[in-house]
1. Taking the Cβ of B:Ile385 as the center, what net charge do the other residues with Cβ under 11 Å away carry, scoring Lys and Arg +1 and Asp and Glu -1?
2. Which trypsin sites (Lys or Arg not before Pro) in the range A:102-184 pass both tests, a DSSP loop state and at most 16 other beta-carbon atoms within 10 Å?
3. Counting pairs of alpha carbon atoms under 8 Å apart in space and at least six apart in sequence, what relative contact order in percent does the range A:112-241 give?
4. Which value, in Å to one decimal place, does the Kirkwood hydrodynamic radius take for the range A:75-205 when every pair of different Cα atoms is included?
5. Just want to confirm a number: the relative contact order over the range A:79-158, from Cα pairs under 8 angstrom separated by 6+ residues, in percent.
6. For the pairs A:Lys129/B:Lys195; A:Lys54/A:Lys183; A:Lys98/B:Lys10; B:Lys280/B:Lys466; A:Lys24/A:Lys57; B:Lys10/B:Lys171, flag any whose C-alpha to C-alpha distance is greater than 23 Å.
7. Within the range B:475-558, report the trypsin sites (Lys or Arg not before Pro) that DSSP leaves as loop and that have at most 11 other Cβ atoms within 10 Å.
8. Over the Cα atoms of the range B:31-143, what is the Rg over Rh ratio if Rh follows Kirkwood?
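What follows is calculated from the coordinates using simple rules that are stated; it is not laboratory data. Model, not experiment: these values are computed from the prediction. As a convention, Cβ positions derive from the backbone with ideal geometry for all residues, glycine included, and neighbour counts pool all protein chains shown.
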Amino acid sequence: MQSEHYVIIGNGPAANSAADILRKGDPDARITLISDEFFPYYHRHLLRHYILGKKSKEDLIVRPISYYRENRIRLRLGQKVVRIDLQTRTVFLAHMEKVHYTRLLICLGGKPRIPEIHYVYSEYFTAIKTIDDAEAFREQLPGIRSMVIVGGDLISVKMAASFLETGMNVRFLIDEDAFWPLKLDDDQRRDFTERLSARGAEVISGDVLAGVEPETEGGFRVRTRNGLSLSCDRIGAFFGLIPDVDFLVGSGLDIDRGILVNEYLQTQFEGVYAAGDCAQVYNPDLKNYWVSIGWDNALHLGQIAAHNILGSDKTADLPPLNLLNSDGVKVQTAWWRDL
Amino acid sequence: MPFRDDIVIKICGSAGDGSISAVDILNRAAALMGYHILNFDSYPAEIRGFGKSVGTTRISRVRPLTPGDRADCLVSLNDPHTITELPTLNESGIVIYENRPGSFLEEDQVIAGFIMPGMTGYGAPLRDLSVTAVQSARSRNIISLGILAGIFRMHPDGFEEAIRIRFSGKKDSVVKSNIKAFHLGRKYALDEIAKRDQIDFGEQLLERPGEISIMSGNEAVAEACIDSRIRLYAGYPITPATRIMEILAKTLPDRDGLTVQTEDEISAIGHVLGAGFAGKRAVTATSGPGLCLMTELINWAVMAEIPAVVIDCQRGGPSTGLPTRTEQSDLNIAVSGGSGDSPRVVLAPTNVEECYTLTRESFEIAESFQAPVIVLLDFFLANRIEDIDSKRLTGEYHGEFPGDLVHSGNEPFKRFKLTESGISPRALPGMAGLLHTVTGLEHDQKGMPDYETKNHRDMTAKRFRKMETLARIWRGSDPFGDDGDLDAGIVSWGSTVGSVMEAIDILRGQGVRAGGLFPRLIWPVQAEQLAAFSRRSRQLFVAEMNYSGQLASLYAINLSRKFGRICGVYAGPVPVQDIVDEILRGLP
Ligand SMILES: Cc1cc2nc3c(=O)[nH]c(=O)nc-3n(C[C@H](O)[C@H](O)[C@H](O)COP(=O)(O)OP(=O)(O)OC[C@H]3O[C@@H](n4cnc5c(N)ncnc54)[C@H](O)[C@@H]3O)c2cc1C
């Protein structure tokens with residue numbers, strides 16, 4: 001029998017936790033991890049410390065490259081998947097290489113969410129998802145004296161705390177959509193804003209972004225619906241993360257917000273699974289699909305998917321609702337951990 | 001970004017991809033920018049034009065002594081071939097590859113898929129850019145040079161000039177379209193490629209006084225032969241020596257000379273001895289298997305005291321061995337191949353410039369000492385290309401038959417007269433009153449066969465005395481590295497010297513007092529110099545590129561002490577790090 005080739009798209013917590021289980025469960029199989037990022041598996045929540053120079057790039061790395069060699073996992077970094085052919089079980093890479101799999105696990109993760117009404121301004125926004133984003137920001141940091149953060153999410157609360165440490169002027173434009181997907185009640189929302197203010201941020205709530213113009217001498221002017229005009233060096237867009245599945249549209253996979261999978265994390269195609277931020281998982285009790293974004297969720301789903309690829313029938317549990325203590329504010333969330 | 005401008009670039013392709021001509025242009029461009037280069041191409045097949053061809057060039061502000069243990073940048077003009085070169089790339093190396101091959105290729109046929117974490121890949125549409133520039137894919141190599149120039153910020157002027165020189169015999173449109181291709185590649189790199197590496201030449205043009213020659217060891221030998229005004233080259237083609245013959249076959253006819261392709265190496269050396277006997281400068285070049293065949297007649301030259309120069313471009317052996325691999329394993333046969341006590345001179349240049357200067361000297365020595373001189377190159381030295389200040393390519397010329405060696409005076413002519421130096425008066429056939437016999441048999445001072453023990457003893461001693469004279473008067477080789485007492489003293493020879501010199505620099509950087517002695521006159525041994533160096537060295541090593549440590553064994557009797565042998569056979573030049581490691585292991 002031809003041995004298995006498990007191809008995993010992604011190199012975040014979901015992909016890596018899956019690879020570990022697959023290697024243990026199938027010592028002879030080929031395992032390939034493909035990521036379009038050049039940097040090895042790293043802690044994204046530490047990016048803010050990297051931006052400030054408190055941590056080096058190396059400090060962010062979860063596991064050394066040698067780990068993959070020792071475990072005979074082929075790590076393809078800086079290689080982008082541009083297409084998947086589910087019929088011929090082939091993954092197509094941007095540099096024009098085909099990789100054939102026997103089982104495929106998709107762990108594409110999330111991408112910064114930009115609400116539709118703000119799409120037109122995307123090119124003026126700064127979002128921080130990857131180490132490359134962080135590196136670019138870090139290089140420009142000395143020239144960034146003021147920042148307007150639109151949206152507001154758990155990532156931005158932490159980022160803002162870091163930016164404020166540098167003496168940067170930080171203004172938050174928190175609209176009704178803020179902290180998506182968390183459901184914050186008015187008290188929690190007030191709590192967050194008070195804490196941000198106490199740190200030195202200016203919080204503008206109850207107002208909405210209405211326009212952005214780049215200024216001739218660099219920087220931007222942000223206008224709000226209530227008529228405010230804010231000048232700043234940068235506009236940080238933090239509206240949460242959403243599944244990063246655009247290129248799969250048309251692949252035949254069912255895509256809604258994320259890749260639709262059953263409770264075993266299998267797509268409608270045999271041998272094709274999805275896990276982590278990019279998966280939208282069916283729950284038989286809810287009779288509905290759920291998406292959950294967060295490090296632990298990704299670790300958990302990666303493991304479940306791997307077990308099932310190896311022949312188990314483990315179900316992905318609904319992420320338990322936790323009381324998360326973020327920056328002293330307690331919010332209900334699933335899987336997002338205060339890292 | 002830390003400035004780095006000592007880099008090793010490899011361009012790998014299939015025959016016809018133009019990787020070697022791209023490296024040729026790169027060499028010249030870098031030299032025109034004022035940098036030093038060391039280029040070493042390799043062809044796995046015996047005959048050029050089949051399979052993979054890899055050009056490796058090291059570009060540096062400081063003269064490079066080796067092609068570098070590992071490459072910093074690998075340019076792929078053919079992915080399957082280049083994939084096999086990946087193990088020679090640094091862990092943080094850069095790969096430049098075709099990113100629009102026309103269709104999707106199967107897994108592991110594409111180099112981009114092998115780029116390891118820590119490495120940097122830059123994809124570019126080499127083929128499409130080439131088609132834009134020259135309406136065909138044939139200038140992908142030039143496009144890739146443009147990409148290199150763009151990414152590493154190398155000054156474009158040097159490239160333009162180098163392209164002009166490379167295509168000088170071609171139509172003007174060819175030159176123009178290739179310059180266009182270069183600029184198209186460069187523009188692509190500047191506009192489209194986000195730099196993620198540390199290499200940066202800062203578009204600098206360095207000052208380099210005077211004219212520069214870019215040549216290989218073999219080319220330097222041929223040039224030296226021409227400048228020494230040789231009258232005959234006789235040889236049988238053999239890798240890696242053939243290039244010498246190719247050049248001389250073209251040039252000698254215009255210079256009152258002759259190139260003869262003989263039926264074998266025995267005939268070749270026979271021709272050379274005939275010319276030498278007649279007082280005409282002659283040379284042959286060969287490799288190990290050819291030298292084996294020549295030993296009988298080299299012996300004859302020793303006995304008959306005929307000047308002869310034999311260039312031996314060593315390759316892996318024994319027998320036909322490894323035609324395209326470098327090795328220094330012909331030392332034993334060069335020094336002592338043949339029957340009887342058969343003293344001859346063995347010279348070993350350590351770089352391209354010395355290939356020139358020592359070849360020039362070899363003729364002078366052969367004629368002055370009336371003996372065969374073997375000059376040992378090896379595949380690496382014969383083929384590697386360096387930039388040389390042209391004014392350093394000089395040598396003495398005393399005429400092909402030095403007049404002061406002719407007999408004068410009233411006593412009867414003794415062609416093999418016993419003298420203090422061992423050197424006897426010499427006459428050419430046909431010189432009035434200087435009739436003499438020349439034979440491979442032991443002979444008396446007039447050349448007549450004489451088997452008496454005393455005569456044989458005297459004559460053997462005389463022949464050896466010539467070597468002693470040479471060892472005494474020859475200029476010697478300057479020691480390298482630290483003065484005074486050394487923690488580690490390293491004796492080495494030939495092309496391995498470059499690696500040893502770089503190893504010594506590394507060791508000194510680590511606080512080890514290190515130095516080297518690199519005899520260019522390998523045989524006869526300059527024993528005093530060797531002994532003095534040995535006395536300075538607390539630990540002594542002999543480094544060379546052969547399995548058994550041939551120089552170490554040859555010099556052991558002179559050294560008469562404990563020393564470490566650093567010897568081995570490699571696919572290419574000895575890696576610098578291996579030498580460093582061996583020495584550190586050998587230190588207390
Ligand atoms: C700044 C920041 C701070 C965070 N802080 C926290 C926190 O405090 N607590 C918490 O629980 N979570 C936090 N998160 C979220 C957490 O990091 C993610 O939920 C988690 O990383 C998701 O893991 P994943 O494996 O699903 O995907 P990811 O980690 O997003 O990895 C996705 C992988 O897929 C690859 N990929 C995507 N598309 C392609 C393609 N086409 N071809 C090849 N490769 C592709 C990417 O390169 C990447 O390697 C934070 C995230 C960010 C960005």
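1. With Lys, Arg at +1 and Asp, Glu at -1, the net is -2.
2. Listed in order of number, the matching sites are A:Arg145, A:Lys183.
3. Reported as a whole number, the value is 36 percent.
4. Values: mean 1/r = 0.0564 Å⁻¹.
One over the average 1/r among Cα pairs gives 17.7 Å for the range A:75-205.
5. Reported as a whole number, the value is 13 percent.
6. Check vs 23 Å cut-off fails for A:Lys54/A:Lys183; A:Lys98/B:Lys10; A:Lys24/A:Lys57; B:Lys10/B:Lys171.
7. B:Arg475
8. Numbers: Rg = 15.2 Å, Rh = 15.5 Å.
Using Cα coordinates only, the ratio equals 0.98.
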